[in-house]
Each structure stands twice: as C-alpha cells, then as structure tokens.
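Single-structure report; data block below.
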Amino acid sequence: MTEEQSKSGMVPDDYTKNTLCMSDLSSPVLQRLTQHYDDIVACIYRAGSGVENWRTPINMLAEVFESWAMQFLCVNKQTRAIQWAYESGTAEPAAGVDFLRKYHLIDPRLKDVAILPVNDWYSCEEHYDEAFVQQDRYYSEFLIPYGGRFLLGAKILEDSASMCLFCTITKVGRPPLSQDEKQAFKRITEHFVKALNIQQTLTDKSDHLSVGAELLERMRQPMLLIDSQRHIGYRNQAGRALLMRNDMVYDEGGLLVCRDCESDRNLTIAIRELALVPFITHGADYIPADRQSIRLKRRDGRRVATTLLALRPETTMGSFGRTPQALFTVFEPGTAVDIDPFLLSATFDLTPAEARLAAKIVNGQTPEQSAQTLGVKISTIRSQLSTIYGKTGATGQADLVRLVLSATAF
C-alpha cells in the first residue's frame, strides 16, 4: 500500500503491513495467507475504491483457502432473494446457477445467518450433525453432489432493506476450518466491511450525468443503468415514473428490486449471464452475453418484456462511466408505437439503419414511404427488410409489427 494511497483516504488509518500473525505453523492455509496477506488486503481496498473488481480479492482468497466456493452476496431481507453475488472457487458453473435459481430458497444456513447480529459468525458443523445433513434436501440434492461441504460465514453489513453476507465453503472430504484458520478469515473480512463503506461513500458522491445518461434521458421507454450489484446509477424520466408506480420494480435503498420473487430471481440470473464482473465459476470457455431478455410480472399479473444490455467501457468509449453496467429497458404496454430505433437495435441485434427502418414499418409507414423518408432506394429498403426478417424471425411486415408489439406486454 503506497503512502499516496493512504493519504488519499482510500485506505483506513489503521491499515498496517504484516498484521497477520501466524499461530498454527502446520496449517498450509495460514502459511499461504501470511505470504499473500498484504497483497490481498491492498486489493480489497482497491476494489472498494473502484479501481479493481471485487472478484480479484475473492479469487485470491479462494485460492488461499482452497475453497469449493467463496461467496460475497447481498440478500433482500423481505423476499430472501439474492440481489447480487460475487463468487469464486472450484465449484462448477452449473452449481452457481442452480443455487441462484432454486437452492438458495431452501438453504437452511441462510435463515440462520439472516438472524445473526452483524459481525457474528456461523459455522454449519456447530448446528447440523450428519443425520440432519443426510436427510436435508439442500445438502443431499445440491451441496454435497456438487462437491461442497462445510461453511463459515457471517452477516457483515445490514440496513433496512438488505444484508451482505460473506462465506467460504470447503470441498467434500475436507474438514471444517480450524479455529486459527477461522480467526484469520474473520480478520480478512474486517477489511471487506471498511472497503464496502468506502465504495458507498464514493457512489454517493459520483456524478451520473454522463454523456450516455443524457442520451438516455431523451428516450421514451423507461431506462435504468444498473451495475452488477443492482445499484441504480441513473434513471431517465420514464424510468423514474416506472419506479414511482411500484407495480413491477422499485427502488429499495438504491437497489433495483422486482415485486415478484420469481421475476427478481430471473433478473439476478440475467445480470449474472452478462458477466459484468466475470466469475471464476463461469469457466474458462464462458462467453458473456451482450443482452438478456426477461419477462417481469406486474402487480396485476401481466408480464412485461424487459431487456438488459451490457455497457462495457471498452465498447462504449466510457460514455456510461468507467465500470461495466447494464442498461435495463422496459417495453411498457401501450408505448410500442413510435418506438425508438435504439431499443429495436438492442433487442433484436439490428444495425442502426435496420433499426430505423423497422421503427418506420412498426409506426405504420410502407416500404415506399420509408424509402422516401430515409432517402434511400426502394431496393435498399427491400434488402434491409429481408435482413430484418431474418434477425427477428418475422415472416413479413405484418408479422414484424406483431412481433415488436408483442414485446411490450405478455
């Protein structure tokens, strides 16, 4: 940690080097942690300051502790749905998806950790014996078949809306962490808490009126910029109205939350698939998605089409900030007419020219009128329409209109 970093306020005053004293000389875990302790702690504060991904220190810790899974996640206190999660370890990719999709709902440990005071620690072997493990669905159907076993975790932060949990899980066949190893893990976690506070302070002070945000303000559809943790960085006028109605999604302490639990879970999975923050458990061959389409349920039971479009600094020239974000767009019922070409491009992977033409057709123009309006030959229009049909799966003009309109309400 440099003197300049310390003076910048990005590092707590009580940070000092060589602060981990190894008491168990026989523990390979503690030997590795002692060797890499300063680098890990410095990386934690870089993550809190926004110059490093949170996954980096989590990956480092997962290697040190040889974790089956190292998890850093935020849980909605009302719905118990996971709002965001960082993870690392040796667990296969399918385990992370299954946990988010289904098994976190029956994880008995989450209920136990949820009622703990902040900074109280939980070791599952102290609560569940082998007889319980063998008959419990979470252990027998999910955790043990995937290769995980003992958990050490804690609630490290909590507010009125959500709680942040941090834990490590050992591999099947490995014993629980020793008392010395547990104490070392707890010491590391103290730095996560301080770094999260730094992140929140910087988030509160950040200026969201970027070039990209000004562009979104002109759009008619509700649009929100969210990060991998669901923090709402920006909302256009239609997006503000959407959140105020509170009939499908709402702002809970700065986080985007769905009213419907299933919808909220699907939103979490969709954000994960964008890999705004890549996970080790995605696998080496994983290719992140650029967009995800999901249907969210409103209060009246109707489903509305929404899209998530990955906005990465390297592909947007930093117009939406320095960190990757997702553009969350809602296709509101009754507002598909006069639809923005930008939205058609994002939803159906159309070029700007194709999106402009598709918008003209959906808004009622004939190909001939579109050619005149756009200033191109009718042959060009017909060629572009053919490409649009191929990309959208539409069989003709009427089917294209039906397809786009059907994307507004289900």
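Assorted remarks:
- Helices (runs of 4 or more DSSP H) completely within the stretch 231-319 that count 3 or more residues being in the same structural domain as Ile82 (by TED's automatic domain parsing), at pLDDT below 80 and within 22 Å of Met163 (Cβ to Cβ): none
- Of all residues in the stretch 86-109 being more than 16 Å from the chain's Cα centre (by Cα) and not in a helix (DSSP H, G or I), the one that is surrounded by the most Cβ atoms within 10 Å (Cβ to Cβ): Gly89
Conditions (1) of a type in the set (Gly, Ala, Ser); (2) over 23 Å from the mean Cα position of the chain (by Cα); (3) more than 23 Å from Ile44 (Cβ to Cβ); (4) at pLDDT 95 or above, marked per residue:
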residue	(1), (2), (3), (4)
His127	no, yes, yes, no
Ser140	yes, yes, yes, no
Glu158	no, no, no, no
Leu165	no, no, no, no
Arg174	no, yes, yes, no
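- Pair list, Cβ < 9 Å and 6+ apart or interchain, from the stretch 125-136 residues that are closer than 17 Å to Leu177 by Cβ to residues that are part of a helix (DSSP H, G or I) and among the acidic types (Asp, Glu): His127/Asp112
- Within the stretch 27-85, considering residues that are basic (Lys, Arg) and crowded, with 17+ Cβ neighbours inside 10 Å, the one farthest from Arg272 (Cα to Cα): Arg46
- The residues of the stretch 64-85 that are in a strand (DSSP E or B) and closer than 14 Å to Asp107 by Cβ, listed by number, are Ala69, Gln71, Leu73, Val75, Ile82, Ala85.
- Condition check for Thr189: within 30 Å of Gly253 (Cα to Cα), assigned to a helix (DSSP H, G or I) and among the β-branched types (Val, Ile, Thr): yes
- Hey, Ile226 assigned by TED's automatic domain parsing to the domain that holds His127, buried (at least 16 other Cβ atoms within 10 Å of the Cβ) and at pLDDT 90 or above or not: no
Results for (1) assigned to a strand (DSSP E or B); (2) surrounded by fewer than 21 Cβ atoms within 10 Å (Cβ to Cβ); (3) in contact with a strand residue (DSSP E or B) (Cβ under 9 Å, 6 or more places away or on another chain), shown as yes or no for each residue.
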{"site": "Glu141", "(1), (2), (3)": "no, yes, no"}
{"site": "Arg149", "(1), (2), (3)": "yes, yes, yes"}
{"site": "Leu165", "(1), (2), (3)": "yes, no, yes"}
{"site": "Ile169", "(1), (2), (3)": "yes, no, yes"}
{"site": "Gly173", "(1), (2), (3)": "no, yes, yes"}
{"site": "Leu177", "(1), (2), (3)": "no, no, yes"}
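The values are calculated or read from the model by the stated rules, or taken from the named source; none is laboratory data. On a predicted model such as this, the values are computed, not experimentally measured, just so you know. Cβ atoms come from the backbone with ideal geometry, glycine included; neighbour counts cover every protein chain shown.
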